[in-house]
Amino acid sequence: MRFWNSSNKSGAGRRIANTSNSLYLNNASVGETYTMLGLEGGQRFREKIYSMGLNPGVKFKILQNSGNGPVEIQVRQTKLAIGRGMTSRIKIRAYGTPG
């Protein structure tokens with residue numbers, strides 16, 4: 001969900017994202033189901049993540065997240081291990097959470 005903030009003096013307003021219910025993949029809890037919101041990265045990073053089947057809006061489950069090493073997830077019938085550096089740039093939200 002996006003909000004318009006018209007607090008600037010010109011009155012034109014600027015668009016800002018509601019991130020109150022979002023977090024990054026590296027902070028996800030094991031056993032929980034999440035929805036991907038988006039990525040923070042360049043074209044090559046997006047292509048790599050999208051080619052794995054992790055697209056905005058897709059539902060996935062966290063299989064392992066020990067705080068170091070890769071985060072293991074299950075997207076549809078596929079299990080993926082995503083490196084810690086990449087997971088810190090993937091924005092997610094708990095599945096079923098409005099926002």
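Remarks
- Scanning segment 78-95 for residues that are over 14 Å from the mean Cα position of the chain (by Cα) and either hydrophobic (A, V, I, L, M, F, W, C) or more than 13 Å from MET52 (Cβ to Cβ) (or both) yields LEU80, ALA81.
- Within segment 65-91, the set of residues being polar (S, T, N, Q) and within 15 Å of TYR24 (Cα to Cα) comprises ASN65, SER66, ASN68, THR87, SER88.
- Residue match in segment 73-80 (condition: within 17 Å of LEU23 (Cα to Cα), among the aliphatic types (A, V, I, L, M) and out of contact with any Leu (no Cβ under 6 Å at 6 or more places or on another chain)): no
- Residue count for segment 58-77, restricted to those that are exposed (fewer than 14 other Cβ atoms within 10 Å of the Cβ) and either modelled with pLDDT under 95 or more than 15 Å from the chain's Cα centre (by Cα) (or both): 7
- Looking only at residues of segment 15-28 that are surrounded by fewer than 11 Cβ atoms within 10 Å (Cβ to Cβ) and either part of a strand (DSSP E or B) or modelled with pLDDT of 95 or more (or both), we find that the one that is farthest from the chain's Cα centre (by Cα) is ARG15.
- Among the residues of segment 59-80, those identified as in contact (Cβ under 8 Å) with a residue 12 or more places away in the chain, not in a loop (DSSP other than H, G, I, E, B) and not hydroxyl-bearing (Ser, Thr, Tyr) are LYS59, PHE60, LYS61, ILE62, LEU63, GLN64, VAL71, ILE73, GLN74, VAL75, LYS79, LEU80.
The values are calculated or read from the model by the stated rules, or taken from the named source; none is laboratory data. Owing to the predicted nature of the structure, the values given are computational and were not obtained by experimental measurement. FYI the Cβ positions are ideal-geometry reconstructions off the backbone, even for glycines, and counts take in every protein chain you see.
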